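> Have a look at the structure that comes next, please.
The values are calculated or read from the model by the stated rules, or taken from the named source; none is laboratory data. Just so it is clear, the structure is predicted and the values come from calculations on it, not from any experiment. Ideal geometry is used to build each Cβ from the backbone, glycine not excepted, and the neighbour counts take in all protein chains shown. Surface accessibility is based on the protein's heavy atoms, side chains included, excluding ligands, DNA and RNA. Shrake-Rupley method; radii C 1.70, N 1.55, O 1.52, S 1.80 Å.
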Amino acid sequence: MSNHNAAAAAAFAKLQEEAQKDWDRLREKPLILIGAATCGRAAGALNLLEEVKNELAELKLDANVLEVGCMGHCYAEPIMVIYNEGFPAICYGYVTEGVGARIVRDYLTEGDPGIEFALAALEPNDMFPTFADFPRGIHENKIVLEQCGFIDPQNIDHYIATGGYVALTRALDMTSQEIVTTIKESGLRGRGGAGFPTGIKWQTCLDAPGTTKYVICNADEGDPGAFMDRTILESNPHLMIEGLAIAARAVGATKGYVYIRAEYPLAVERVALAIEQARSKGLLGDNILGSDYSFDIEIFQGSGAFVCGEESALIASMEGEPGIPRHRPPFPAQSGLWGRPTVINNVKSLSYVPHIIKNGAAWFTGIGSEKNPGTAIFALAGKVVNTGLAEVPMSTTLNELINDVGSGIAGGKKFKAVQIGGPSGGCLPESAMDTPIDFDSLTRAGAMMGSGGMVVLDEDDCMVEIARFFLDFTQQESCGKCTFCRLGTKHMLDILERITKGQGKPEDIDTLTQLAAKVKAGSLCSLGKTAPNPVLSTIKYFRDEYEAHINEGRCPSKMCKDLIAYYILPEKCERSCDACVGSCPVEAIGDNEDRIKVIDQEKCVKCDSCMVACPPQYKAVVKLSPPHLVEEKDREYREGKQKWQKQ
Amino acid sequence: MAETVTITIDDRQIQAAPGEMLLWAALDNDIYIPHLCASREEAHPTASCRLCFVEVEGRPAPVPACTLPVTEGLVVKTRSPQVDSLVAMGFELLMSNHRLDCKNCSANGNCELQRIAKARKLRLKPKNLPVLDKNLPVDDSAANIVYDPNKCVLCGQCVRACRKSGNGTLGFARRGYLRVVTTFGGVPLGESNCTNCGACVKVCPVGALAQK
Ligand SMILES: Cc1cc2nc3c(=O)[nH]c(=O)nc-3n(C[C@H](O)[C@H](O)[C@H](O)COP(=O)(O)O)c2cc1C
Ligand code: SF4
Ligand code: SF4
Ligand code: SF4
Ligand code: SF4
Ligand code: FES
């Protein structure tokens with residue numbers, strides 16, 4: 001250990017000691033944690049917080065209540081954890097109005113922990129199962145998400161007390177090259193989408209001539225459906241900050257930026273506060289912990305265009321130019337912000353760094369697979385039961401992630417496909433469910449890792465419409481600079497729109513495939529290069545659905561409005577019930593001569609109300625595709641009636 | 001004395017200054033590669049028209065010639081099935097969004113699009129794609145200049161020229177399919193700070209900007 005940094009170690013030991021005291025004090029009373037990241041807030045966490053505080057005040061109970069981040073079980077929000085003497089710590093889910101107060105009251109006054117509301121215990125015990133006892137827990141391996149939901153993101157002491165900033169302190173004793181070598185040996189690949197080896201990027205920047213260098217944390221997260229980066233920043237901002245500081249030390253940068261989209265106000269607020277606290281403890285700023293090393297961080301709020309997440313566009317937007325990608329090389333690591341060598345890394349990539357420095361490269365390569373070490377963090381969304389954040393070792397299969405971690409498909413429906421990798425990812429079918437989740441396998445299967453968005457689709461999802469939906473997003477988010485992306489995606493979108501309206505032509509699939517191949521090959525940046533993926537993968541795996549739309553005017557999933565008609569099955573309609581009639585906003589439902597309900601197809605606006613309104617015991621309203629089936633059904637009904645009358 | 005490197009384009013050996021972009025080395029030696037957006041003055045290539053693709057030995061995919069610095073021993077082909085189909089599609093895409101009216105166009109006979117079509121045996125009228133007319137108003141408000149955005153291929157030459165020799169009037173606005181070259185605030189040229197210098201007209205490779 002070099003001498004001047006022995007002082008830093010001593011300074012840090014003092015910080016740790018204070019933090020530990022603060023942390024220990026928490027458990028002197030019952031401790032209540034409430035998950036209040038954006039996801040929790042959307043589910044009512046702030047009301048729960050107030051309710052719990054009021055209840056404690058009313059009952060004059062003494063407890064510590066903390067607003068924490070998200071532990072990933074978003075499906076069960078609002079979530080509350082109670083640590084209380086005599087019981088293992090319990091995590092409660094679905095803590096809706098009234099329930100929070102009740103749990104607190106029963107538990108803290110009568111010692112009844114309310115296990116009917118418990119999701120799981122947090123520590124092994126003889127009474128309740130823990131998360132590790134569920135299939136989800138078996139797969140989960142939390143590195144980046146470890147502290148999320150268990151510490152107060154607004155209190156730096158919590159982070160320090162749970163092992164934070166040890167790695168930065170250790171990095172002060174390492175040379176730049178030693179740090180870079182460790183990251184290289186760890187095999188860490190960037191989690192922002194492309195999976196580029198972080199160590200090689202850092203080495204390039206370290207070797208680049210010049211004394212002024214920058215590091216940037218890319219927290220733009222423009223993918224619809226992805227919220228991993230936001231959640232990490234809201235739940236444990238110091239982890240990214242520590243990672244960024246280590247990155248800076250590794251490449252010789254004294255200035256860092258966090259590029260966050262302005263649509264993430266809570267994340268911006270928490271990162272800003274965390275930076276301030278780190279600065280006040282001497283962990284950022286001049287002469288960190290009294291060492292010879294100085295580094296500080298500034299927040300840059302992006303205006304929230306998807307393409308601004310692309311690194312050359314991100315830099316342009318920081319320089320005050322329109323956020324439009326540039327031809328690379330030069331790569332930012334050689335010539336980035338203001339023409340200086342710049343490392344840009346994703347929030348998750350940086351969040352692994354402190355753990356790797358602390359535990360060593362070999363520890364990291366021991367997780368996941370050889371070419372894809374570490375964990376994968378996914379935002380599970382769509383028709384899966386357990387939506388939320390999951391962190392599993394790379395090479396966990398899709399099947400394990402969706403059926404074990406996600407508990408399968410909601411509502412008893414059938415799995416159809418999973419869309420992975422954000423708007424420019426791909427859709428994989430049932431037959432690809434054994435694909436291990438890692439950069440290379442997903443790309444081979446026709447999807448991609450992307451930043452970790454995962455949307456699970458069921459039988460009610462039309463794959464042509466899904467392709468149209470994602471292409472609509474990328475088409476609108478294209479910067480418009482280059483020919484293939486600007487015009488190629490536009491033509492592709494127009495074709496998809498026609499197909500979903502039943503105006504497809506037999507040659508459309510070929511035209512789409514050709515355009516897709518050229519847009520991929522010809523575009524300047526990765527937005528255009530990957531935009532066709534949803535189209536290509538759905539054509540590859542669900543070509544029959546395209547053909548049904550084009551050749552038969554039929555939407556097999558009955559999702560495309562122009563290709564369906566609502567119909568009331570006469571044999572199922574309970575004449576006197578009338579539920580559908582009242583639900584129809586355009587008075588399209590009336591009686592026929594037998595007092596059976598009939599939909600006037602001319603008037604029907606396909607709003608779905610009648611189908612929802614028809615009581616489950618009758619289920620008389622159905623969707624027909626193609627719409628002309630209505631006439632056939634009508635004919636059948638009339639013929640059946642004649643036959644019956646003749647008899 | 002300037003050092004040179006020897007490169008091979010379409011089996012022809014050529015001397016070029018090291019680091020120079022392949023596009024210029026080729027053009028200087030009368031080897032035509034379609035291009036709209038490139039500029040010699042610009043240190044960093046825009047690389048936005050995506051028409052100058054060439055096949056580089058040792059590389060799996062075609063590379064835009066305006067982004068490829070020449071190095072000793074570089075071997076390229078300006079034509080190959082891969083390049084041809086990529087350029088054909090790029091050209092067709094551009095033409096699908098171009099108001100075609102050669103007979104009445106000021107650029108007729110001196111038009112880069114006509115030149116590309118001729119050199120690569122491509123059709124000006126798109127074969128497989130429907131035409132997407134932007135239907136934007138033609139701006140004839142300036143004293144000497146007419147601007148028809150429906151013919152613009154967004155090469156950016158005028159923006160660059162206007163910044164350099166004009167009054168910085170022209171720039172890009174909006175994203176994606178809606179991207180256009182326009183004035184600051186989108187006012188007609190006649191109401192802008194345009195000095196009618198004509199620098200933009202001189203560089204426009206098509207008939208979008210024309211002298212009155
Ligand atoms: C259109 C587009 C959008 C992107 N958006 C993001 C983003 O929101 N966050 C991110 O970290 N990387 C994003 N990337 C990837 C970045 O360009 C870059 O590769 C990444 O930030 C590098 O960090 P990493 O090596 O740690 O992954 C995007 C790329 C493209 C092409
Ligand atoms: S691929 Fe699309 S987003 Fe990227 S530079 Fe081209 S037009 Fe812009
Ligand atoms: S710009 Fe060229 S191709 Fe277009 S109308 Fe004029 S002459 Fe014809
Ligand atoms: S005439 Fe000159 S000033 Fe006017 S737009 Fe063209 S280049 Fe700019
Ligand atoms: S007006 Fe002419 S020079 Fe300007 S971008 Fe359009 S085509 Fe290029
Ligand atoms: S000239 Fe090379 S991309 Fe336009």
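> Would you pick out the residues in segment A:32-64 that are hydrophobic (A, V, I, L, M, F, W, C), under 24 Å from A:Ala274 (Cα atoms) and buried (at least 17 other Cβ atoms within 10 Å of the Cβ)?
Of everything in segment A:32-64, those that are hydrophobic (A, V, I, L, M, F, W, C), under 24 Å from A:Ala274 (Cα atoms) and buried (at least 17 other Cβ atoms within 10 Å of the Cβ) turn out to be A:Ile32, A:Leu33, A:Ile34, A:Ala36, A:Ala37, A:Cys39, A:Ala45, A:Leu49.
> What number of residues in segment A:249-298 are within 18 Å of A:Gly164 (Cβ to Cβ), touching a residue at least 60 places away in the same chain (Cβ under 8 Å) and surrounded by fewer than 16 Cβ atoms within 10 Å (Cβ to Cβ)?
So the answer is 1.
> Mind checking which pairs have a first residue in segment B:138-159 that is in contact (Cβ under 8 Å) with a residue 24 or more places away in the chain and more than 10 Å from ligand 4 (Cβ to nearest atom) and a second that is outside any loop (DSSP other than H, G, I, E, B) and basic (Lys, Arg), Cβ under 8 Å, 6 or more apart or different chains?
B:Leu154/A:Arg486
> Would you mind finding the one in B:Leu93, B:Leu113, B:Leu68 that is more than 16 Å from ligand 5 (Cβ to nearest atom) and either within 14 Å of chain A (Cβ to nearest Cβ) or open to solvent by 10 Å² or more (accessible area, probe 1.4 Å) (or both)?
B:Leu68
Yes or no, residue by residue, for (1) within 14 Å of another protein chain (Cβ to nearest Cβ); (2) touching a helix residue (DSSP H, G or I) at 6+ places or on another chain (Cβ under 7 Å):
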{"site": "B:Asn128", "(1), (2)": "yes, yes"}
{"site": "B:Arg174", "(1), (2)": "yes, no"}
{"site": "B:Phe184", "(1), (2)": "yes, no"}
{"site": "B:Gly198", "(1), (2)": "no, no"}
{"site": "B:Val206", "(1), (2)": "yes, yes"}
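> Yes or no: B:Gly168 modelled with pLDDT under 95 and either away from ligand 4 (no atom under 16 Å from the Cβ) or assigned to a loop (DSSP other than H, G, I, E, B) (or both)?
Answer is yes for this residue.
> So, one more: Quick one: is A:Ser441 within 16 Å of ligand 2 (Cβ to nearest atom) and over 18 Å from B:Leu129 (Cα atoms)? Let's see the steps before the verdict.
Details: within 16 Å of ligand 2 (Cβ to nearest atom): no; over 18 Å from B:Leu129 (Cα atoms): yes.
Considered against the rule, which asks whether it is within 16 Å of ligand 2 (Cβ to nearest atom) and over 18 Å from B:Leu129 (Cα atoms), A:Ser441 comes out as no.
> Tell me, please, whether a residue that is in a loop (DSSP other than H, G, I, E, B) and away from every other protein chain (no Cβ under 14 Å) can be found in segment B:47-56.
Looking for residues that are in a loop (DSSP other than H, G, I, E, B) and away from every other protein chain (no Cβ under 14 Å), one finds none in segment B:47-56, hence no.
> Right, next: Pull up segment B:132-147, narrow it to residues that are open to solvent by less than 30 Å² (accessible area, probe 1.4 Å) and within 23 Å of the chain's Cα centre (by Cα), then point me to the one that is farthest from ligand 5 (Cβ to nearest atom).
Among residues in segment B:132-147 that are open to solvent by less than 30 Å² (accessible area, probe 1.4 Å) and within 23 Å of the chain's Cα centre (by Cα), the one farthest from ligand 5 (Cβ to nearest atom) is B:Leu132.
> Also: Would you check if there is a residue in segment B:39-50 being within 16 Å of ligand 3 (Cβ to nearest atom) and touching a helix residue (DSSP H, G or I) at 6+ places or on another chain (Cβ under 7 Å)?
yes
> Of the conditions (1) under 27 Å from A:Ala316 (Cα atoms); (2) away from ligand 4 (no atom under 16 Å from the Cβ), B:Ser39 clears all except one; give me its number.
Only one criterion in (1) under 27 Å from A:Ala316 (Cα atoms); (2) away from ligand 4 (no atom under 16 Å from the Cβ) is unmet by B:Ser39, namely (2).
> Right, another one. Tally the residues that are assigned to a loop (DSSP other than H, G, I, E, B) and either within 16 Å of ligand 3 (Cβ to nearest atom) or not assigned by the TED database to the domain that holds B:Val187 (or both), restricting the search to segment B:141-155.
5
> Now, a different point. Mind telling me which of the residues B:Leu124, B:Leu170, B:Leu113, B:Leu100 ends up being of a type in the set (A, V, I, L, M) and within 16 Å of ligand 6 (Cβ to nearest atom)?
Just one listed residue meets the conditions, B:Leu113.
> Could you check, for segment B:114-124, whether at least one of its residues is within 16 Å of ligand 4 (Cβ to nearest atom) and assigned to a helix (DSSP H, G or I)?
No, segment B:114-124 contains no residue that is within 16 Å of ligand 4 (Cβ to nearest atom) and assigned to a helix (DSSP H, G or I).
> Could you count how many residues in segment A:478-497 are touching a Lys or Arg at 6+ places or on another chain (Cβ under 8 Å) and more than 7 Å from every other protein chain (Cβ to nearest Cβ)? Walk me through how you get there before you give the answer.
Of segment A:478-497, the ones touching a Lys or Arg at 6+ places or on another chain (Cβ under 8 Å) are A:478-484, A:486, A:488, A:493, A:496-497.
Those left that are additionally more than 7 Å from every other protein chain (Cβ to nearest Cβ): A:493, A:496-497.
The total comes to 3.
> Filter segment A:295-334 for residues that are in contact with a strand residue (DSSP E or B) (Cβ under 7 Å, 6 or more places away or on another chain) and in a loop (DSSP other than H, G, I, E, B) and give the result.
A:Gly304, A:Pro332, A:Ala333
> Would you confirm, using the coordinates I've provided, whether A:Lys619 is basic (Lys, Arg), open to solvent by 40 Å² or more (accessible area, probe 1.4 Å) and modelled with pLDDT of 90 or more?
In short, yes.
> Would you confirm whether any residue within segment A:191-214 is in contact with a strand residue (DSSP E or B) (Cβ under 6 Å, 6 or more places away or on another chain) and more than 13 Å from ligand 1 (Cβ to nearest atom)?
Looking for residues that are in contact with a strand residue (DSSP E or B) (Cβ under 6 Å, 6 or more places away or on another chain) and more than 13 Å from ligand 1 (Cβ to nearest atom), one finds at least one in segment A:191-214, hence yes.
> Same structure, new question: Given the conditions (1) at pLDDT 90 or above; (2) closer than 13 Å to A:Lys572 by Cα; (3) of a type in the set (Ser, Thr, Tyr), which single one is not true for A:Ser625?
Of the numbered conditions (1) at pLDDT 90 or above; (2) closer than 13 Å to A:Lys572 by Cα; (3) of a type in the set (Ser, Thr, Tyr), the odd one out for A:Ser625 is (2).
> Same structure again: Name the single residue, out of those in segment B:174-193 being open to solvent by 30 Å² or more (accessible area, probe 1.4 Å) and hydrophobic (A, V, I, L, M, F, W, C), that is nearest to ligand 6 (Cβ to nearest atom).
B:Leu178
> So which of A:Glu97, A:Glu55 is in contact (Cβ under 8 Å) with a residue 40 or more places away in the chain, touching a Lys or Arg at 6+ places or on another chain (Cβ under 9 Å) and farther than 27 Å from A:Leu233 by Cβ?
Step by step, each of A:Glu97, A:Glu55 is checked, and only A:Glu55 is in contact (Cβ under 8 Å) with a residue 40 or more places away in the chain, touching a Lys or Arg at 6+ places or on another chain (Cβ under 9 Å) and farther than 27 Å from A:Leu233 by Cβ.
> Answer yes or no: is there a residue in segment B:29-39 that is open to solvent by 10 Å² or more (accessible area, probe 1.4 Å) and within 16 Å of ligand 2 (Cβ to nearest atom).
yes
> Then there is this: One residue is enough: does segment A:297-309 have a residue meeting the conditions more than 30 Å from B:Gly171 (Cα to Cα) and away from ligand 6 (no atom under 16 Å from the Cβ)?
Looking for residues that are more than 30 Å from B:Gly171 (Cα to Cα) and away from ligand 6 (no atom under 16 Å from the Cβ), one finds at least one in segment A:297-309, hence yes.
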